Each structure stands twice: as structure tokens, then as C-alpha cells.
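Participant: Here it is, the structure in full.
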Ligand SMILES: *Cc1c(COP(=O)(O)O)cnc(C)c1O
């Protein structure tokens, strides 16, 4: 185990860091400076373990996974690193002695928000689990200068503010210029016959290039001395702006290379589950993939001579199709630089790459126009053409004369390069992220591929790390769990089922619900400070936090709030348990309907929160700038977990798991991992409603459904919908929410109406909400249900997910690192 924490040494280190970094003493230092000084002190410990881990990797030469992802939604590092070093409480006490509150110091750290939502956070949880389980792993990504935008709410509207997360410096990162790589774009390919090898050589000329510089960020395993690496790439111009390039007439090129480098890593695209087809995005993809693949090959070649066995020591997991150019980049290196024959290179590549599918939604599928793709990546395009030619041949062999199969499966078709088809064709594994999602892939979306290569398909239900989302996020509950069942749950979440013996224990119930109450107080204080709204901590905290997307149906939630408000106004005497509806969500900057939904939520909140006549029975809160750091507090304080996506649309969800772990029952549809949550906890400990995935798919295959039937036949629904266009929540502009009304009932556009089945599910949702209220009134019943959720959450640790990836896909060797 790691060296025992020495308080005196630690304090000296903090003081010395303040001095050398800022010429400050503890008394005059700002909180930000103290944060930096503490982080550097913590980093000292980490560096020793980091070096030791890399030494073990050198000696034992284990197989490594390269987790390739455009996004890593890491959140804050300091607290998590102290937790995993098992020094959190010690540091907290040491800082208290110096007169500092660790919470306040932690709060100085900007979130590393290099991701949008679930997909990016999954990558972050996976890195935590890989290090904790002792597997050699690299995260490979981009060091965006600006991460996910900060969200301000002004007058009820979302305003995007740039996230300048590096402005005070990132204490945990390490610049590694000695591992820089060159990445080339554009130009053309000259073919030259090489007498010596009797092969054509492919030479890229007239290109622009950038230098990729890696920054390494330590990933600390829990209490095991392992420190892995998240390697994110920065871009620099290859030649410093030289005056002589002006003389040579290269001035234009020098400027362009400078701009290319500046633009490429400038900002994270803020789209979740949506493909926008921007050229710069493809540049970002190739940039970090080329650098990462070059680095992986170089690392292998340091200690191995036979590149044909590369796959024995390295595997690439592609997080969605975003990194799929890795397939062609590896082929390029093997063919053009290592001199392998096509078949040899293909064997290596197809034994190295594996693909994770994250969505079945058409608007998220990456399809690049040939023109753009071949212009930007001429050699990569040639290679994909050849992969496609051979794949189409294979399809023809298997299905002679069947043009339909080629149309549906070819990698290049209709003027487009289809990245998912490339990933499936070249991957040795194709996985979905929850059981239901994988079944839909096999039986509907990817049916043709599944029939042709069933052995590739498998499921890996997502998970989350309990170290961040319970141990760090909810210290009161974490301590309580440890008091009752010991601390093994921290690295073996299955142990948490031992709590089941306490679910009927009155004292345990009271303690559990009291902790929930303390966490609700903590969140209420945050809401008062950040929103200026007073919420009643004894009300039901009903929470929906996730990206704003039509398929996630925040609209269903807020329409139901409008319906409840109508009901309370009509029947003031009706018994009603006080409710606080809490929302948190960023909308993609260009997603108009999503942004209008945020305005609707805030407009409804304004009216309801200011209506004295309802005696505070209902409150609606929109928490600004939902992100990992405030998410941790929100999950800990939730009574009800809203997971209400249109069935079949949410591939897995991971927010659902964080709520469950923290004792909040799911109010949700049978979608994504909700299905497995219900399997684990029992239907009686969740509130399930709505159409099934199969019912939704059946409607979709038969031209949709008619929401007018609901509008005409249900006066509650009709009333709520009319309130969208009669100025009830927009007296200054009654037309404001017309687009939302139209989206549900639409008659005057070519879109289908209510694509997300909101009206179809409305009544069933309202009924489920009534069941929630009834259940909450039963105090012991609710305590039991909440505890059952925590106790049954063992399956949803990312440790389990990662172990399954290791056992069934990657086949890595476990390592141990002595202190
Ligand atoms: C877990 C998490 C998500 C994913 O939430 P879903 O409900 O699964 O969409 C998104 N953002 C943050 C900050 C998260 O922590």
C-alpha cells in the first residue's frame, strides 16, 4: 500500500508550493492558489506511483487497452485523487488545522469538461475502474482548449459561455513534448514503384501538417498504487512562423498551418447524440487518432520486433464511431511504414480494433461526404475504398445477386463514407451498452451485419464508479454503508447487497432517510445560493438531470408539472404531498427546440414559484450549468430519479445508475439499462410506465401514431397543450412556445407529429407519478424502497463492466504495483 500519509510533510509541501509557485504564504494566498498548492502536493505522491506503475509495465509487458474517445468527462480531479489515494480524510484534517475547508478548496477547481454527457462520463468511469482493477490502459483523447460551454440562464434562456478551463493552469497534467507526432492533412498521393520491394509506395505531398503534443493526466487506482494515463493531444504549428517562408513563397502555407493547429483543438463540439458533419470535426478525429495510433505502434516497437503480433500487446476500443478512422490509420502505418502486405495488415487491424455502439438514432450516425473525406484524408480514403471493395466482394459471395444487402451494408455508398459500417467490418467485437440496446442492434438496426457476422456482437451493460458517485459524492451515506457492511463495497460493489438485511430495520431506515435529508439540505443551500429559490427539504425531490434532448423527454416532465398545477388550482383542498421538480440540462448550442424547452421550464417555474395561492406545494427549479461537480450533490439529494426517455431511444443511460446507488427509485420507461435496474431491484421498487420499446418500434414501422386522438379525447392533455399557445406561460408573447405545440400535434409540416410519443405516454406517466406520491406518504415503505435501490445497485459498477470487457473482449493481464 502507498506510503502512510504524513501530515507534517504534507503541510510543508503545500507551503513550499505556495512559495515557489506564487511567492505567497498561507495567510495571503488566495483560495485558488491554495487549491493549486494542495494539488501539487497530492501530485507528488501520485508521481511516485505513476513512475512505479510504468516501470512494472515495462518489466511485465502486459497487453494494454487504448480507450479511444473524443470525450472524457472527467469532472474535478483533486477530490477523486485524494479519495483513491485513501488520503481524503487526512488531507481534510490537515487543511482544517491550517484554517481551510477542503470543500471550499475543491470548489476552486474547474471541471475538466472534455465531454458532453453520458458517453464522455462513461469513458471517465472506465479509466477509474481500469486503474482500480490493475489493468494497463491509456485513455486517448483531445486536449480541448475550451471544454463543454458553461451555461448561464438569463431571463429563462440558456446563454453559452466559453469554458476557459485552463486559464489558471492544470496542476495534474504533464506536457510530454518528447512524444510529439506529426499529423498530415490534405494534399495528394503520388504513387512510386519501388524496385527494391517490388511494391508501390504511396507518398503524400502538398499536405499541411500539425505537431501533436501529448499531455498526460494521471489516473489513480483505488488504494493499489496503480496510476494509468489519460493522454490528451494538443496541436502546435509544425514550423514556428518563419520569416524565410515568406521569401520562399510559403507564407500562405505557413499561415494555414498555424491556423490549422490553432483551430483543431480549440473547442469541444457541444452536440450529444447528434452528427453535424463539420469538416473541423473530422480533422479533430483524425488528429488525435493518428497521433494515438502512431504512439501505440512506437511504444510496441520499442520492445518488440514483429509488428504482425501487435494485437497481442495492444487493443483499441473505439468509443462510438468518432474514433473509427483508427482502422484506416493503423492499416496505413502497417502498409506504408511497416511494409506489410494487405492481408497481413488487415489481420493485425481486425484483431486490434473493437467498436462500441452508443445509439440507434439516425441523426447520430456519422456519414462523411466522399468529397470532403478524400480531400482531407487522401491516403486514408484510398485505404477505406480498398476495405470497402473487398467487403462488398464478401457480401456478394455470401448473398449472390443481392443488391439490397450491398446497399444496406457497404462502407461507401451513395457518395458517403459510413463510419459505423467501417467499424463493424473491421472490428473484432461490436458491443451495445445495455441488454435491450444490444437486442435492438441485433434484431433491427444492425440486423444484416448480425446475420453475416453474429460472433462479433455482444453486450456490455454500462456502469459507473462508486468511488466518485458514492464515496466522494455522498460521504454521509458512504460512511453509513461502511459502518454496516464494512468497506469492501468500495472495490467490490456486489457487497452492497449485504444492506438488504437492514431494509426492514427501523433504526437503519431512520438513519438512511436522515442522511437523505442532510443531503437535501446541502442541495437546498446550493439552490438558494445559485438560484435564489427556497425549496422545502421535506418536499419530494423529483429530479431529471441529463442533456436536454427531445428523446429524453424533459417536455413530458414539464407538461406534467403544468397538469399538476392546473389540478392544484382547481382543487385547492385536494391532499397533495409537496413536490420540488428539479431540472438540470444543457442544450446543444444550435438545437432550437431544446433551448426553447429550457425557456418553457423556466417560464413554468416563474409562474408556479411565485403563486402564493398554492402554499409552496409545488416548486420548479432549473439548476444552472449541470456538470459532474454539481451532479455529485444532486444525485445524493434525489428522492425520485426521472428516466423517462421514449422506449428504445436511450441506449443505456448511466445517470439512472447514479441515482439508484444513492437510494433514489427510478420513475421510468422500460428503456436502456432501466430494464436491468428493475430486474435487480424488483418492479415493486420502481415506478414503470409507458409504451415498451417494441410497441414504439411497431408504431414507427407503421407510419407513427396519431397524437390528435389523445388531444381530442383527453381534456387534461388538451388544456395543457392549449396553455402552450394561449400565453399562460408567455403573456408577453403567446406565440413563444408555438413550435413545441406544433411538434406535438403538427399538421403543417412534413415531420411526423410527436415523434417521441409524449402524448401517448402522458396519462400513464401521470398515473405513475400518483403512485410515487402514494408510496412517499408511507414513510417506512419509502425508506425500504430507497434502501433496496442502494442495496441492489451492485451490478451497475463500472468495475463489473470493465471486468466483462477484459474477460470477453480485451483479454488483458492483471498487474500489481508495490508501493
Ligand atoms: C452521468 C452523467 C450524464 C449522463 O446522464 P444520463 O441520464 O445517462 O443521460 C450526463 N452528464 C453528467 C454530468 C453526468 O454525470
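Participant: If residue 570 satisfies every condition in (1) over 22 Å from residue 274 (Cα atoms); (2) in contact (Cβ under 8 Å) with a residue 40 or more places away in the chain; (3) surrounded by fewer than 23 Cβ atoms within 10 Å (Cβ to Cβ); (4) more than 10 Å from the ligand (Cβ to nearest atom) but one, which is the exception?
Facilitator: Residue 570 satisfies every listed condition except (2).
Participant: Considering each residue of the range 329-341, count those that are under 11 Å from residue 285 (Cβ atoms) and surrounded by fewer than 24 Cβ atoms within 10 Å (Cβ to Cβ), and give that number.
Facilitator: Residues meeting the conditions: 0.
Participant: Only one of 75, 120 is within 16 Å of the ligand (Cβ to nearest atom), on the phi > 0 side of the Ramachandran plot, crowded, with 20+ Cβ neighbours inside 10 Å and within 17 Å of the chain's Cα centre (by Cα). Can you tell me which?
Facilitator: Answer to the check: 75.
Participant: Here is a further query. Among residues belonging to the range 667-685 that are more than 9 Å from the ligand (Cβ to nearest atom) and assigned to a loop (DSSP other than H, G, I, E, B), point out the one that is nearest to residue 531 (Cα to Cα).
Facilitator: 669
Participant: Now, a different point. Keeping to the range 175-184, report how many residues are surrounded by 15 or more Cβ atoms within 10 Å (Cβ to Cβ) and outside any loop (DSSP other than H, G, I, E, B).
Facilitator: 4
Participant: Provide a single number: the residues in the range 410-436 that are buried (at least 21 other Cβ atoms within 10 Å of the Cβ) and part of a helix (DSSP H, G or I).
Facilitator: Here the count works out to 9.
Participant: Just to check your reading of the model, which residue among 733, 709, 761, 742 is over 32 Å from the mean Cα position of the chain (by Cα) and part of a helix (DSSP H, G or I)?
Facilitator: Just one listed residue meets the conditions, 709.
Participant: Still on this structure, please answer the following. Give me the pairs, please: first residue somewhere in the range 613-632 and assigned by TED's automatic domain parsing to the domain that holds residue 657, second residue anywhere and outside any helix (DSSP H, G or I) and modelled with pLDDT under 95, beta-carbon distance under 8 Å, and either six or more positions apart or on two chains.
Facilitator: 619/533; 621/533
Participant: Give me the residue from the range 361-382 that is within 24 Å of residue 429 (Cβ to Cβ) and in contact with a strand residue (DSSP E or B) (Cβ under 9 Å, 6 or more places away or on another chain) and, out of that set, modelled with the lowest pLDDT.
Facilitator: Ranking the qualifying residues of the range 361-382, first place goes to 365.
Participant: Within the range 648-656, is even one residue outside the structural domain of residue 365 (by TED's automatic domain parsing) and farther than 30 Å from residue 365 by Cβ?
Facilitator: no
Participant: Answer yes if at least one residue in the range 680-697 is crowded, with 24+ Cβ neighbours inside 10 Å, under 24 Å from the mean Cα position of the chain (by Cα) and modelled with pLDDT of 95 or more, and no otherwise.
Facilitator: no
Participant: Can I ask one more? Does residue 140 satisfy the criteria of being within 13 Å of the ligand (Cβ to nearest atom), crowded, with 24+ Cβ neighbours inside 10 Å, under 20 Å from the mean Cα position of the chain (by Cα) and not assigned by TED's automatic domain parsing to the domain that holds residue 49?
Facilitator: no
Participant: Residue 9 - would you say it is more than 30 Å from the chain's Cα centre (by Cα), surrounded by fewer than 20 Cβ atoms within 10 Å (Cβ to Cβ) and within 30 Å of residue 804 (Cβ to Cβ)?
Facilitator: Here the answer is no, as residue 9 does not meet what is asked.
Per-residue answers, yes or no, for (1) surrounded by fewer than 21 Cβ atoms within 10 Å (Cβ to Cβ); (2) free of Cβ contacts under 8 Å to residues at least 60 places away in the same chain:
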| site | (1), (2) |
| --- | --- |
| 456 | yes, yes |
| 459 | yes, yes |
| 465 | no, no |
| 471 | no, no |
| 475 | yes, yes |
| 492 | yes, no |
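Participant: Does residue 649 satisfy the condition of being closer than 19 Å to residue 545 by Cα, touching a residue at least 12 places away in the same chain (Cβ under 8 Å) and touching a strand residue (DSSP E or B) at 6+ places or on another chain (Cβ under 9 Å)?
Facilitator: Answer is no for this residue.
Participant: I've got another one for you. If the requirement is being under 30 Å from residue 276 (Cα atoms) and either within 16 Å of the ligand (Cβ to nearest atom) or without any contact (Cβ under 8 Å) to a residue 60 or more places away in the chain (or both), which of these qualifies: 597, 580?
Facilitator: Unique residue meeting the criteria: 597.
Participant: So in the range 143-159, with the set limited to residues that are outside any loop (DSSP other than H, G, I, E, B) and either away from the ligand (no atom under 16 Å from the Cβ) or modelled with pLDDT under 95 (or both), which one is nearest to residue 806 (Cα to Cα)?
Facilitator: 146
Participant: Shifting gears a bit: Looking only at the range 643-666, count how many residues are part of a strand (DSSP E or B) and within 9 Å of the ligand (Cβ to nearest atom).
Facilitator: Qualifying residue count for the region: 1.
Participant: In the range 511-530, how many residues are surrounded by 20 or more Cβ atoms within 10 Å (Cβ to Cβ) and within 16 Å of the ligand (Cβ to nearest atom)?
Facilitator: 1
Yes or no, residue by residue, for (1) touching a strand residue (DSSP E or B) at 6+ places or on another chain (Cβ under 8 Å); (2) surrounded by fewer than 18 Cβ atoms within 10 Å (Cβ to Cβ); (3) over 29 Å from residue 464 (Cα atoms):
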{"site": "19", "(1), (2), (3)": "no, yes, yes"}
{"site": "27", "(1), (2), (3)": "no, yes, yes"}
{"site": "34", "(1), (2), (3)": "no, no, yes"}
{"site": "41", "(1), (2), (3)": "no, no, no"}
{"site": "61", "(1), (2), (3)": "no, yes, no"}
{"site": "96", "(1), (2), (3)": "no, yes, yes"}
{"site": "112", "(1), (2), (3)": "yes, no, no"}
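Participant: Residue by residue through the range 745-758, note down the ones that are without any contact (Cβ under 8 Å) to a residue 60 or more places away in the chain and within 34 Å of the chain's Cα centre (by Cα).
Facilitator: Hits for the range 745-758 are 745, 746, 749, 750, 751, 752, 753, 754.
Participant: Looking only at the range 531-560, which residues are closer than 15 Å to residue 766 by Cα, assigned to a helix (DSSP H, G or I) and either within 16 Å of the ligand (Cβ to nearest atom) or free of Cβ contacts under 8 Å to residues at least 40 places away in the same chain (or both)?
Facilitator: Across the range 531-560, the qualifying residues are 554, 555, 556, 557.
Participant: Just checking, how many residues over the range 605-642 are assigned to a helix (DSSP H, G or I), more than 12 Å from the ligand (Cβ to nearest atom) and buried (at least 23 other Cβ atoms within 10 Å of the Cβ)?
Facilitator: Of the residues in the range 605-642, 3 are assigned to a helix (DSSP H, G or I), more than 12 Å from the ligand (Cβ to nearest atom) and buried (at least 23 other Cβ atoms within 10 Å of the Cβ).
The values are calculated or read from the model by the stated rules, or taken from the named source; none is laboratory data. Please read all numbers here as calculations on a predicted model, not as lab measurements. Every residue, glycine as well, gets a Cβ built from its backbone with ideal geometry; the counts of neighbours run over all protein chains shown.
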